[in-house]
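These notes concern the structure reproduced below.
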Ligand code: FAD
């Protein structure tokens, strides 16, 4: 019989709360450690279940850090083929560990990579995954993981369960749960698993940070006094280049709305707002940005806001100290020209 999301498993075989610990160079990303703290809390509610961690191509030092932050057991997947990340191969290796140790809950940090990986792992294991949870609880009656996340544009909260399958999987964005206190007196088990994966279908040849390269010589949005930010109204990556030129002239930096990031005109590190950075510059210039509440949340502390937009009724115009009604393609080149004269 083919296995589906509705094919029940023997839940008794699954024990413990495990976390995927993503690497950032030679250290663990904070989100994994945050999830270890949450995993301990959930494990206690499950009657003192074990807390585990999985690191792909990591070191013993990383595993020890995970133990200091709440893990009882850490599995290091040892396979030189997995030094660089590719989703299919990582998911196959992690799924093998999950199949061997059978945790009843498996948590993943909702980073860009984590969100992608979570879907691949869930698919490999034929289990459910709830992305971007903001709270996790245990139903005391059924022991099910209650996976809570915003829905309908953040106006309501949905509670999702995985009633038939195990593990129950959820991804959680960085910063949602506090990082537990580091306790170097904690001890735990470190296991190295030599996991074989089928011949690679994809191989990383080189990494070119195209978007990051464009803004590499500009300060980060959190530390600049002047931020020129672009949104979907720019219409193209070329428009964003114009903003870079203006930002350089002003000794400032560039930011972006979520839509400009999604369009691939600016890197995620430049996103301002609820799911991006919160900034407090002296001057914020919003170009082609409508001013959705999720964006405004990131600029509440800006001292002076200038908005450039052809729509006088766009919400950003009400929130701006100076609202310039017009097409940025005409206004920004004029501004650049005038500043060059100074
Ligand atoms: P639009 O809303 O499409 O606005 C484009 C604007 O450009 C319009 O006002 C238009 O009049 C103007 N325009 C058009 N042509 C020109 C021109 N030639 N010159 C000048 N202006 C022009 N958004 C964020 O920005 N940051 C976040 O962190 C964020 N987090 C979110 C989290 C959640 C849970 C959700 C649900 C949403 C989030 N959003 C976030 C998305 C947010 O709701 C908006 O969709 C987004 O901010 C809109 O981006 P925008 O202003 O670039 O695009």
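The values are calculated or read from the model by the stated rules, or taken from the named source; none is laboratory data. Keep in mind that what you see is a predicted model, and the values were worked out from it rather than measured. Every residue, glycine as well, gets a Cβ built from its backbone with ideal geometry; the counts of neighbours run over all protein chains shown.
Considering only residues of the stretch 14-32 that are over 14 Å from residue 106 (Cβ atoms) and out of contact with any strand residue (DSSP E or B) (no Cβ under 9 Å at 6 or more places or on another chain), which is modelled with the highest pLDDT? So that I can check it myself, show each step before the final result.
Here is the first cut: in the stretch 14-32, the ones over 14 Å from residue 106 (Cβ atoms) are 23-31.
With out of contact with any strand residue (DSSP E or B) (no Cβ under 9 Å at 6 or more places or on another chain) added as a condition, the list becomes 24-27.
Values: 24: 89, 25: 85, 26: 88, 27: 94.
Among residues in the stretch 14-32 that are over 14 Å from residue 106 (Cβ atoms) and out of contact with any strand residue (DSSP E or B) (no Cβ under 9 Å at 6 or more places or on another chain), the one modelled with the highest pLDDT is 27.
Quick check on my filter: what residues within the stretch 291-332 are part of a helix (DSSP H, G or I) and surrounded by fewer than 17 Cβ atoms within 10 Å (Cβ to Cβ)?
As a first pass, look at the stretch 291-332 and keep what is part of a helix (DSSP H, G or I): 293-296, 315-319, 328-332.
Within the stretch 291-332, 293, 294, 318, 329, 330, 331 meet the criteria.
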For residues that are near the ligand (Cβ under 9 Å from one of its atoms), at pLDDT 90 or above and surrounded by fewer than 18 Cβ atoms within 10 Å (Cβ to Cβ), tally how many sit in the stretch 258-276. 1
Going through 279, 285 one at a time, which residue ends up being within 26 Å of residue 111 (Cα to Cα), within 14 Å of the ligand (Cβ to nearest atom), in the same structural domain as residue 320 (by the TED database) and in contact with a strand residue (DSSP E or B) (Cβ under 7 Å, 6 or more places away or on another chain)? 279
For the stretch 203-223, what are the residues that are over 23 Å from the mean Cα position of the chain (by Cα) and touching a residue at least 40 places away in the same chain (Cβ under 8 Å)? 203
Give the residue that is surrounded by the fewest Cβ atoms within 10 Å (Cβ to Cβ), with candidates limited to residues of the stretch 138-152 that are touching a residue at least 40 places away in the same chain (Cβ under 8 Å) and in contact with a strand residue (DSSP E or B) (Cβ under 7 Å, 6 or more places away or on another chain). 138
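Name the single residue, out of those in the stretch 27-47 being outside any helix (DSSP H, G or I) and out of contact with any helix residue (DSSP H, G or I) (no Cβ under 6 Å at 6 or more places or on another chain), that is farthest from residue 114 (Cα to Cα). Break it down into steps so the answer makes sense when it comes.
Going through the stretch 27-47, the residues outside any helix (DSSP H, G or I) turn out to be 27-29, 46-47.
Remaining after also requiring out of contact with any helix residue (DSSP H, G or I) (no Cβ under 6 Å at 6 or more places or on another chain): 27, 29, 46-47.
Values: 27: 16, 29: 11, 46: 25, 47: 28 Å.
So, considering only residues that are outside any helix (DSSP H, G or I) and out of contact with any helix residue (DSSP H, G or I) (no Cβ under 6 Å at 6 or more places or on another chain), the one farthest from residue 114 (Cα to Cα) is 47.
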One residue is enough: does the stretch 308-320 have a residue meeting the conditions modelled with pLDDT under 95 and within 27 Å of the chain's Cα centre (by Cα)? no
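Return yes or no: is residue 318 over 19 Å from residue 281 (Cβ atoms) and away from the ligand (no atom under 14 Å from the Cβ)? Break it down into steps so the answer makes sense when it comes.
Numbers: over 19 Å from residue 281 (Cβ atoms): yes; away from the ligand (no atom under 14 Å from the Cβ): no.
Considered against the rule, which asks whether it is over 19 Å from residue 281 (Cβ atoms) and away from the ligand (no atom under 14 Å from the Cβ), residue 318 comes out as no.
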At pLDDT 95 or above, touching a helix residue (DSSP H, G or I) at 6+ places or on another chain (Cβ under 7 Å) and over 16 Å from residue 186 (Cα atoms): does that describe residue 51? no
One residue is enough: does the stretch 105-118 have a residue meeting the conditions buried (at least 17 other Cβ atoms within 10 Å of the Cβ), within 16 Å of the ligand (Cβ to nearest atom) and modelled with pLDDT under 95? yes
Which ones in the stretch 228-252 are under 23 Å from the mean Cα position of the chain (by Cα) and within 22 Å of residue 301 (Cβ to Cβ)? 229, 230, 231
Residue within the stretch 285-302 that is more than 28 Å from the chain's Cα centre (by Cα) and under 20 Å from residue 241 (Cα atoms) present: no
So which residues in the stretch 234-257 are in contact (Cβ under 8 Å) with a residue 60 or more places away in the chain and within 9 Å of the ligand (Cβ to nearest atom), if there are any at all? 234, 239
